[in-house]
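Before any comments, here is the structure.
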Amino acid sequence: MALSRNQARKNKHARSIKKSTSSLSAATKYRIGVYKSLKHFYAYIFNPETKQVITSVTTLTNEKNSYGGNIAAAKSLAPQLAKKISELKLEDQNFIFDRSGYIYHGRVKAFAEELRNQGVKF
């Protein structure tokens, strides 16, 4: 039986995580992950040593009556995450950008490029 799109994405994400954490240098780097739904966009920073999410940003916290499922909303999260990175004093870290199985296109691409423009290295 064929996999659903979401299950196929989860399988891709699991393979990606397995490959990226297999090398010793990548296993110690912080990871910036994204998740997107139809209405909202989420981004988080994951600590590989404690295996916990350190901080996150989401379009749920934006003002009411604003649609969070578009490219503009994803771009607006990048400065917020960059600010949280500087508050945590992680500016000198090299991060791994985790697409979570999504293709590098649309909201994911816009968020990543805006995050790079904010000075975050990955």
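So here's what we get for this one:
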item: Subset tally (residues that are in contact with a Ser or Thr (Cβ under 8 Å, 6 or more places away or on another chain) and on the phi > 0 side of the Ramachandran plot) for region 48-84; result: 0
item: So Ser22, is it at pLDDT below 95, assigned to a loop (DSSP other than H, G, I, E, B), surrounded by 14 or more Cβ atoms within 10 Å (Cβ to Cβ) and of a type in the set (Gly, Ala, Ser); result: no
item: Candidate set: region 56-81, residues that are touching a His at 6+ places or on another chain (Cβ under 8 Å) and surrounded by fewer than 18 Cβ atoms within 10 Å (Cβ to Cβ); chosen: the one nearest to Lys29 (Cα to Cα); result: Thr58
item: Residues that are at positive phi and touching a Lys or Arg at 6+ places or on another chain (Cβ under 6 Å), drawn from region 85-105; result: Gly101
item: Qualifying residue in region 82-101 (condition: under 30 Å from Gln7 (Cα atoms), loosely packed, with under 13 Cβ neighbours inside 10 Å and among the polar types (S, T, N, Q)); result: yes
item: Candidates Val53, Val34, filtered to the one that is of a type outside the set (Gly, Ala, Ser), surrounded by fewer than 17 Cβ atoms within 10 Å (Cβ to Cβ), modelled with pLDDT of 95 or more and within 26 Å of His105 (Cβ to Cβ); result: Val53
item: Test: residue in region 75-91 that is closer than 12 Å to Phe41 by Cα and charged (D, E, K, R); result: yes
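The values are calculated or read from the model by the stated rules, or taken from the named source; none is laboratory data. This is a predicted model, so every value here is computed, not measured. Note that each Cβ is placed from the backbone with ideal geometry, even for glycine, and that neighbours are counted across all protein chains shown.
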